[in-house]
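Sharing a structure with you now.
The values are calculated or read from the model by the stated rules, or taken from the named source; none is laboratory data. Since the structure is predicted, the reported quantities are computational estimates derived from the model, not experimental observations. Note that we place each Cβ from the backbone using ideal geometry, even for glycine, and neighbour counts take in every protein chain shown.
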Amino acid sequence: MALSLQKGGNLSLSKADPSLSKILVGLGWDERTTDGSGFDLDASAFLLTANGKVRGDSDFIFYNQLKSTDGSVEHTGDNRTGQGEGDDESLKVDLTKVPAAIEKIAFTVTIHDAEARRQNFGQVANAFIRIVNDVSGAEIVRYDLAEDYSTETAMVFGELYRYNNEWKFRAVGQGYAGGLKAMCDQFGIQIG
Amino acid sequence: MSVTQLVAGANCPVPREKLSVEVLLSPTQVSGAEVDISAFALTASSKVRGDDDMVFYGQPRPGNGSVALLANSAGRAEFSVDLPNLLASTEKVAFTATIHENRANFGAFSSLQVTVKNAAGQAILQASLPSSGMVESALILGELYLRQGQWKFRAVGQGFAGGLKPLAEHFGVEISDPAPTAAPPAPPPPSPAKKPISLSKVTLDKTKPRVSLEKKTEGFGEIRINLNWNRGQAPAAKSGGLLGGLFGGGNKGVDLDVGCLYEQRDGTISAIQALGNRFGSLRSDPFIELKGDDRTGAISEGEWLHINGQQWHTFKRILVYAFIYEGAPNWAQTDGIVTIYVPNEAPVEIRLTEGGNSLGMCAVVLLENNNGALQVNREVRYFHGHQDMDQAYRWGLNWRAGSK
């Protein structure tokens, strides 16, 4: 049984699973059950330095840039992985390849075209993020975003971060208005 | 107390007490789009447990009455939700609006508004759901739900283009296809099995002014006739509370009374109405009873006239009327509606429209005993008062002015 975190909680991944080197970050949410435009949610990752910003555009891993130049973070694409647990999108992280300058990797989910479709996270049910050992397939930790959200259209689900030479995971659940653009602004990506 | 404004998707906590939930459509009426407002009591899996979890015109107060439809007129509905007395497994109560028979969609309205009031009658939150451009004809307006021990309300504003059926199925309600109300095949067996819940409703209008219910050997059970109406839109009076009490009297609503003329097979003619204290009796002759007189205004189910259907054979005809006891005749704003509930039959609904504003009396519906069958005729004819209505229907009573 994998550990489940509450909002703000954290876990040492190195301690929970000493063999961990490659992880899969699965993010999921329920499909829309009513009529109308579906919820097109996009998972992204931001590779951040100690000041909480990216070094450049190549540190932003999303649907139009699926892999970081160093190969440490890879988005598996818009397709469902279909690995039983119901991840809607997932990213793979090779912890051994993460550059030393990167202190933190934030995993975000944003609602595509949220404004035009009048959608927000208050309408998205059963959102979660989970960390899986990509070698063994074992789920290490999971965060169900049971906290209520409403008008947010962008959300940091969780983050991996370095702490005393180990990797930890924090359940963040921090929402923003303004969709992916707001998220990019937050992390220092210039949108053209 | 400030009123929290919610957009679709937003939520806020509510106190665990007896709340009232009011739904208002804007505009209140759109031609060709008759809106039904309902509530569904749901378990943690967002499904109903059974028919009693559905609160709508067909059963305004099912189960233990913890969720009840108190008022229902064109463009407005009010529910009471007694949170402490909900069944223990109820974790959500969803409020919905559906367009009858899927004849239009909510794009025809400009907005739908939900107001939640606390036990003291103060508005605590308000959700405005813009509906222009919507193609849905069934909407989940909002929901009260339990989250980690705290009751909350969420504005939803999502729904289905396919109307009530997909909405009901969304909540796990099994519904029968629209019942053929015109000609039931045969008299039902003496102890009929429980029918699946029927969502059909018969609306009598100019195009369909009559419906006939087949003769039943065991009679019709208790026939309940409800008159409800819109009590005026004065905000102070509606919000209740101290200010409502102090200033609510300034804008007087309309007091409508329901009554009936009846003619028995033995030739007896008389009337049942509050005026003159002729309340009748359900258990003994004349087997018609007026259930009190509501003049409170704010929260109300309107007025009820009950007819003992076991005694239907004793009646020749009954003319149900509504008259304005207090206030100026303004039938267009009064939005009067008469609903006839016969056990195991779809409710029959008649709207009081097209009224002349100088006429205070409306003959709404004529119930006729047609060889044992119950024939329901929409009348909606307006008169100055009892006298000229009586004459028009050749009843033959003597009328003089009275007061209650």
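Taking the condition of being surrounded by fewer than 21 Cβ atoms within 10 Å (Cβ to Cβ) and outside any loop (DSSP other than H, G, I, E, B), how many residues in region B:159-169 meet it?
Counting residues in region B:159-169 that are surrounded by fewer than 21 Cβ atoms within 10 Å (Cβ to Cβ) and outside any loop (DSSP other than H, G, I, E, B) gives 3.
Condition check ((1) modelled with pLDDT of 90 or more; (2) over 20 Å from A:Val98 (Cα atoms); (3) loosely packed, with under 14 Cβ neighbours inside 10 Å; (4) polar (S, T, N, Q)) across all residues:
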| residue | (1), (2), (3), (4) |
| --- | --- |
| A:Leu24 | yes, no, no, no |
| A:Asp42 | no, yes, no, no |
| A:Gly71 | yes, no, yes, no |
| A:Asp78 | no, yes, yes, no |
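Quick one: count up the residues across region B:21-73 that are under 21 Å from B:Phe171 (Cβ atoms) and polar (S, T, N, Q).
8
Now, a different point. Output the qualifying pairs, or none if there are none: Cβ atoms under 6 angstrom, residues six or more apart or on different chains, first residue in region A:110-123 and in contact (Cβ under 8 Å) with a residue 40 or more places away in the chain and more than 7 Å from chain B (Cβ to nearest Cβ), second residue in a helix (DSSP H, G or I) and crowded, with 22+ Cβ neighbours inside 10 Å.
A:Thr110/A:Leu180; A:Thr110/A:Met183
State whether the residues of region B:142-158 include one that is within 12 Å of another protein chain (Cβ to nearest Cβ), modelled with pLDDT of 75 or more and not in a strand (DSSP E or B).
Yes - at least one qualifying residue is present in region B:142-158.
A follow-up question, please. How many residues are assigned to a strand (DSSP E or B) and out of contact with any Leu (no Cβ under 6 Å at 6 or more places or on another chain) if we restrict to region B:126-139?
Matching residues across region B:126-139 total 4.
Turning to a different aspect of this structure: Under the condition of being assigned to a strand (DSSP E or B) and small (Gly, Ala, Ser), which residue from region A:9-68 is nearest to the other protein chains (Cβ to nearest Cβ)?
Within region A:9-68, the match that is nearest to the other protein chains (Cβ to nearest Cβ) is A:Gly28.
Follow-up. So which residues in region A:124-151 are within 14 Å of another protein chain (Cβ to nearest Cβ) and polar (S, T, N, Q)?
Across region A:124-151, the qualifying residues are A:Asn126, A:Ser150, A:Thr151.
For region A:152-177, give me the residue count where each residue is hydroxyl-bearing (Ser, Thr, Tyr) and either within 14 Å of another protein chain (Cβ to nearest Cβ) or not in a strand (DSSP E or B) (or both).
Result for region A:152-177: 1.
Is it the case, given these coordinates, that B:Leu87 is within 14 Å of chain A (Cβ to nearest Cβ), aliphatic (A, V, I, L, M) and not in a helix (DSSP H, G or I)?
Criteria not met by B:Leu87.
Out of the residues in region B:1-48 meeting the condition of being charged (D, E, K, R) and in a loop (DSSP other than H, G, I, E, B), tell me which one is surrounded by the most Cβ atoms within 10 Å (Cβ to Cβ).
B:Glu34
Something else: Just the residues that are over 13 Å from B:Gln5 (Cα atoms), over 23 Å from the mean Cα position of the chain (by Cα) and more than 10 Å from chain A (Cβ to nearest Cβ), please, taken from region B:115-139.
Those that are over 13 Å from B:Gln5 (Cα atoms), over 23 Å from the mean Cα position of the chain (by Cα) and more than 10 Å from chain A (Cβ to nearest Cβ): B:Ala120, B:Gln122, B:Ser131, B:Ser132.
Filter region A:80-112 down to the residues that are at pLDDT 90 or above and assigned to a loop (DSSP other than H, G, I, E, B) and list them by number.
Within region A:80-112, A:Val98, A:Pro99, A:Ala100, A:Ala101, A:Ile102, A:Glu103 qualify.
If we scan region B:46-55, do we find a residue that is within 14 Å of chain A (Cβ to nearest Cβ) and either under 18 Å from the mean Cα position of the chain (by Cα) or farther than 29 Å from B:Trp229 by Cβ (or both)?
yes
Just to be sure before I move on: is A:Asp94 under 15 Å from the mean Cα position of the chain (by Cα), surrounded by fewer than 21 Cβ atoms within 10 Å (Cβ to Cβ) and within 14 Å of chain B (Cβ to nearest Cβ) in the structure I sent?
So A:Asp94 does not fit the description; no.
Please enumerate the residues belonging to region B:49-80 that are in a strand (DSSP E or B) and closer than 21 Å to B:Leu167 by Cα.
Hits for region B:49-80 are B:Met54, B:Val55, B:Phe56, B:Gln59, B:Val67, B:Ala68, B:Leu69, B:Asn72, B:Arg76, B:Ala77, B:Glu78, B:Phe79.
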